[in-house]
Amino acid sequence: MTIGTTHSGKTTFAKILEKRLINSIVIDQDVQGEFLEKHYPSLLPEKGLKILKFALRKTDNHIILCNSNRQKQPRLNLIEKFKKEGFQTLIVNFNLPLEILKDRIINSHRDTTILRNVSNYNEVLEIQLKQTKNEGFNPPNEDEVNHLFSICNENDVQKVIEKIIKLI
């Protein structure tokens, strides 16, 4: 499971890991949202996230959940569900400096049509930064999962991928 703010590198990391890790699949919340928006708009909640990840069952695949997963209790609920299905769990927490995130947003060509309550990713980041101050947005800790990794700069990406591959 990846955790982090918008433009922190969660999707890029997940795609790289998917290519390197045999028998793996990325489940990206943004892709889920686009799919639901296009094919099943009547199933979308008026507020909240458009997610399918809670419907997952036991599989032989390594599932890479590429989402923000920043709220502690919903994250713990999801992790517990996977543990009950027999999965080993790990979190990759993205904690990049704010300057890097802002620079990535400025230079981004990411589609904004999936955004529901804001018009751009700078607004998404501002909301996420305000939410981080709330008690429910605690960073993950080692008690939550079997393995916890952190990415604090771009050089950490390859190191964490190698550690995960060795682990598996």
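The values are calculated or read from the model by the stated rules, or taken from the named source; none is laboratory data. In this text, all values refer to a predicted model and were calculated from it rather than measured experimentally. Here the Cβ is made from the backbone with ideal geometry for all residues, glycine too, and neighbour counts use every protein chain on show. All accessible areas refer to the heavy atoms of the entire protein, side chains included, with ligands and DNA or RNA removed. Shrake-Rupley method; radii C 1.70, N 1.55, O 1.52, S 1.80 Å.
Listed values, structure above:
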{"quantity": "Net +/- balance of residues flanking P139 in space, Cβ distance below 14 Å, scoring K and R +1, D and E -1", "calculated": "0"}
{"quantity": "Formal net charge of residues neighbouring I106 (Cβ-Cβ distance under 15 Å; K, R +1; D, E -1)", "calculated": "-1"}
{"quantity": "Cα-Cα over 22 Å, subset of K83/K130; K10/K166; K81/K163; K102/K133", "calculated": "K83/K130; K81/K163"}
{"quantity": "Cβ-derived FRET efficiency at R0 22 Å, N117 paired with C152, nearest 0.05", "calculated": "0.15"}
{"quantity": "Solvent-accessible area per residue, Å², over region 58-168 with all protein chains present [probe radius 1.4 Å]", "calculated": "62"}
